[in-house]
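Q: Dumping the structure here so I can ask a few things about it.
Nothing in this text is a laboratory measurement; each read-out follows from the coordinates by a stated rule. Being a predicted model, the structure only gives us computed values, none of them experimental. Methodologically, a virtual Cβ is constructed for each residue, glycine included, from the backbone with ideal geometry; neighbour enumeration extends over all protein chains shown.
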Amino acid sequence: MRQIQNIALIGFMGTGKSSVGQLVAAQLHFTFLDTDHVIEARAGKSISDIFAQQGEPAFRELEKKIVGELVTRKRTVISTGGGLPANPDNLASLKSHSLVVCLWASPEKIWERVRSQTHRPLLNEADPLAKIRSLLEERGPYYRQADVLLNTELRSLRDVAQQVIHQFHMEHRGH
Ligand code: S3P
């Protein structure tokens, strides 16, 4: 039996999870939690340094641990790292307590949004757009298991946040 107490935002890098999450949390008077920030704070280093020094599998273990701790959360908007739901256990755990909303955008739009940023180790590649395409294809089946899929391309962050809030209220009113 699901007890939907929280909202979890999943989706690829650059789809606006953190920005939208903060807007939603402020409007609902929920706590905002970003799994990447928790990992960085605990490790005392950036995600890039964790990837470089400990490797991606170590990072995924840290993500898994945080997901396990989230089950006691209430009234929290959780923004997740783009690869976190690609572990089916993580996704199932989030679904047990959260309305899971996936923010969606095309590879081209994602590239446009992230190209000026340097803090994403997975995109430090010769052809980042190709990497975005292949990761999106690989993760699509997981992202599509969200309760709600929201295309962010033609919407402002504020609009997306409103949609998330609307869906959460619908869920609580039993549709
Ligand atoms: C990752 C996405 C990043 C961060 C890490 C790995 C991924 O989070 O967790 O760099 O695997 O897609 P954002 O989606 O917040 O950029």
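Q: Considering every residue within segment 137-152, establish whether at least one is among the β-branched types (Val, Ile, Thr) and over 28 Å from Phe30 (Cα atoms).
A: No, segment 137-152 contains no residue that is among the β-branched types (Val, Ile, Thr) and over 28 Å from Phe30 (Cα atoms).
Q: What do you reckon, is Thr31 of a type in the set (Ser, Thr, Tyr) and within 16 Å of the ligand (Cβ to nearest atom)?
A: Answer is no for this residue.
Q: Scan segment 63-89 for residues that are hydroxyl-bearing (Ser, Thr, Tyr) and more than 14 Å from the chain's Cα centre (by Cα) and report the count.
A: The total comes to 1.
Q: Which residue pairs have Cβ atoms under 6 Å apart, sit 6 or more places apart or on different chains, and have a first residue in segment 8-22 that is at positive phi and near the ligand (Cβ under 8 Å from one of its atoms) and a second that is outside any helix (DSSP H, G or I) and of a type outside the set (A, V, I, L, M)?
A: Close Cβ pairs satisfying both conditions: Gly11/Cys102.
Q: In addition: Going through segment 97-108 one residue at a time, which ones are in contact (Cβ under 8 Å) with a residue 24 or more places away in the chain and surrounded by fewer than 18 Cβ atoms within 10 Å (Cβ to Cβ)?
A: Listed by number, the list holds a single entry, Ser106.
Q: Quick one: in segment 40-76, of everything that is of a type in the set (A, V, I, L, M) and touching a residue at least 40 places away in the same chain (Cβ under 8 Å), which residue is nearest to the ligand (Cβ to nearest atom)?
A: Among those that are of a type in the set (A, V, I, L, M) and touching a residue at least 40 places away in the same chain (Cβ under 8 Å), it is Ile47.
Q: Can you pull out the residues in segment 84-96 that are in contact (Cβ under 8 Å) with a residue 24 or more places away in the chain and surrounded by fewer than 20 Cβ atoms within 10 Å (Cβ to Cβ)?
A: Selection gives Ala86, Asn87, Pro88, Asp89, Ser93, Lys95, Ser96.
Q: For segment 125-166, give me each residue that is closer than 14 Å to Val100 by Cβ and more than 17 Å from the chain's Cα centre (by Cα).
A: Residues satisfying the conditions do not exist here.
Q: Output the residue which, of all residues in segment 136-154 that are within 14 Å of Gly82 (Cβ to Cβ) and touching a helix residue (DSSP H, G or I) at 6+ places or on another chain (Cβ under 7 Å), is farthest from the ligand (Cβ to nearest atom).
A: Thr152
Q: Could you check Val160 against (1) in a helix (DSSP H, G or I); (2) closer than 21 Å to Val24 by Cβ; (3) touching a residue at least 40 places away in the same chain (Cβ under 8 Å); (4) within 13 Å of the ligand (Cβ to nearest atom) and say which number it fails?
A: It is condition (4) that Val160 fails.
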